[in-house]
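Reviewing the structure listed below.
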Amino acid sequence: MSHVTVVGGGIIGLSVAWRLVQRGRSVTVMDSGGDEGAWYAAAGMLAPAGETAFGQDPLQELLLESARRWPSFAAELERETGHDLCYNATGAVDVALTGDDLAEARRMWAFREQRELKMRRLPPSDLRELEPALSPRVRGGAHVPDDHQVDPRRVVAALRAALADAVTTSRMTSLPGGTTVVAAGLGTAGLTGLPVRPVKGLVLRLRGEPGVLRHIVNGYVDGRHVYLVPRPDGEVVVGATQEERADFTVTAGSVLELLRSAVDLVPELAEFELTETVVRHRPSTPDNAPLLGRWTGDVVVAAGHHRNGVLLAPVTADLIADLVEGRVDPLLAAFSPGRFA
Ligand code: GLY
């Protein structure tokens, strides 16, 4: 069996490498070993319903398939490494603050219901039973039980531990020879010429009393969108801005926008400590769906996961490992790297 080089040690590259190693392949992962990947900012929502987008049916299928694979992916990785990934299946709530927000949320809920994504619309009183810290101003919402979460920094640490013998620290400016998987996020553009662009996201981390929030909260707040992802230790991840920019500046306005939305939904968060602001860039494609498949000769691509790199890691890893071994899963058809040629 030939050696495989995986270029990129973010959550996608490491997941692919791990699956290949499990199948007995000799693998080298080329990566800086740092934290410049999108995974470092990611809140870790595994949200096939929360990330539903109009006009993205093949992507929706892939999101659902990967969500189904997450529990066993997490359990296996935890068993193999002894790391706790903080996988949490409590679920999510959608929350709309104003009447206009509720109208917007209802359009999305109707779309999800047509696709039979599991959710239950709730009046404010039921919503506050699920999440007592929500503002009394909230006009309505929905319970979304199958959107789960994991801590991406813990996942990457576990994958790095599982692959301790395979990861080498180096930056690649050109592709090596032989069987290669390019999972280099934004770096994929320079290595392959494929259209992957940066979409800037600012994420905040707050810290306070554990247990103020139980679920992921997806907020529609005065026309803005915010998500709140609570961790068991009292951390709440607040995300995220989305801008077509490549800089790393943390602007006062974007922090204000996220904090105002978060506190409008959950007033108690104003008492939390702001512990971190972090900007990373989603690696995105012209249709915001990933590039998955053979590019040229021995080169396979797994990149451009936009808002869904963490959720899509398990299915990407399985399908790309299959492809390296010569099996083409029908799920890959809609995500060919050559589709923009
Ligand atoms: N997955 C959420 C985001 O990209 O902001």
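A few points about this structure:
- Taking all Cα pairs closer than 8 Å and separated by 6 or more residues, the relative contact order of the chain comes to 25 percent.
- Modelled spin labels at residue 164 and residue 209, positioned 7 Å past Cα toward Cβ, are 4.1 nm from each other.
- FRET efficiency estimate (nearest 0.05) - Cβ-Cβ, residue 333 to residue 118, R0 30 angstrom: 0.70
- Label-to-label distance, residue 110 versus residue 61, with points set 7 angstrom from Cα along the beta-carbon direction: 2.6 nm.
- Residues of the chain: accessible area per residue with a 1.4 Å probe, Å²: 40 Å²
- Rounded to the nearest Hz, the phi-derived 3J(HN,Hα) couplings of the range 300-306 under the Karplus curve 6.51 cos²θ - 1.76 cosθ + 1.60 (θ = phi - 60°) are 10, 10, 9, 8, x, 7, 6, where x marks glycine and proline.
- Residue-count net charge about residue 1 - beta-carbon cut-off 12 Å; Lys, Arg +1, Asp, Glu -1: +1
- Relative intensity, log₁₀ I(q)/I(0), of the chain from a Debye sum that treats every alpha carbon as a point, q = 0.13 Å⁻¹: -0.96
- Full extension of the chain between residue 89 and residue 242 yields a length gain of 52.5 nm, computed as 0.36 nm times the residue separation minus the alpha carbon distance.
- Of the residues 240, 58, 324, the one whose Cα sits farthest toward the positive end of the charge dipole of the chain, with +1 on the Cβ of Lys and Arg and -1 on the Cβ of Asp and Glu, is 324.
- Highest-MSF residue in the chain out of 201, 185, 82 [GNM, Cα springs under 10 Å]: 82
- With both labels modelled 7 Å from their Cα along Cα-to-Cβ, the residue 252 to residue 271 distance reads 2.8 nm.
- Restricted to Cα atoms, the range 184-320 shows a radius of gyration and a Dmax of 17.3, 56 angstrom.
- Between amide H atoms placed 1.01 Å from N, distances below 5 Å from residue 182 occur with 7, 300, 301, 302, all of them 5 or more places distant or on a separate chain.
- Accessible area (Å², 1.4 Å probe, nearest 10) - residue 216: 10 Å²
- Unit charges on C-beta of K, R, D, E only; dipole of the chain, Debye: 520 debye
- Choice from 41, 252, 162 showing the highest fluctuation, given a GNM over the chain with Cα pairs closer than 10 Å: 252
- Remark: the range 259-341 carries a charge dipole of roughly 440 debye about the Cα centre, counting +1 on each Lys and Arg Cβ and -1 on each Asp and Glu Cβ.
- Considering only 177, 277, 67, and ranking their Cα positions along the charge dipole of the chain that arises from unit charges at the beta-carbon of Lys, Arg, Asp and Glu, the one farthest toward the positive end is 177.
- On Cα atoms only, tilt of 309-324 relative to the major axis of the chain in degrees: 20 degrees
- Total formal charge among the other residues, if their Cβ is under 11 angstrom from that of residue 118, Lys/Arg +1 and Asp/Glu -1: -1
- This model, with +1 at the C-beta of Lys and Arg and -1 at the C-beta of Asp and Glu, gives the range 1-146 a dipole about its Cα centre of some 320 debye.
- Charge sum, other residues only, whose C-beta stays under 14 Å from residue 157's C-beta, Lys/Arg counted +1 and Asp/Glu -1: -3
- Cα gyration tensor, the range 28-133 - rounded (a/c under 1.5), prolate or oblate: prolate
- Options 219, 43, 2, ranked by Cα towards positive dipole end of the chain, top entry (Cβ charges): 2
- For the chain, the carbon plus sulfur part of the accessible surface works out to 51%, probe radius 1.4 Å.
- Acute angle (nearest 10 degrees) that the helix 11-22 long axis makes with the longest principal axis of the chain, alpha-carbon atoms: 50 degrees
The values are calculated or read from the model by the stated rules, or taken from the named source; none is laboratory data. Because the structure is a prediction, the values reported are computed rather than measured. Neighbour counts run over all protein chains shown; Cβ positions are idealised from the backbone, glycine included. Note: areas computed on protein heavy atoms with side chains; ligands, DNA, RNA excluded. Shrake-Rupley method; radii C 1.70, N 1.55, O 1.52, S 1.80 Å.
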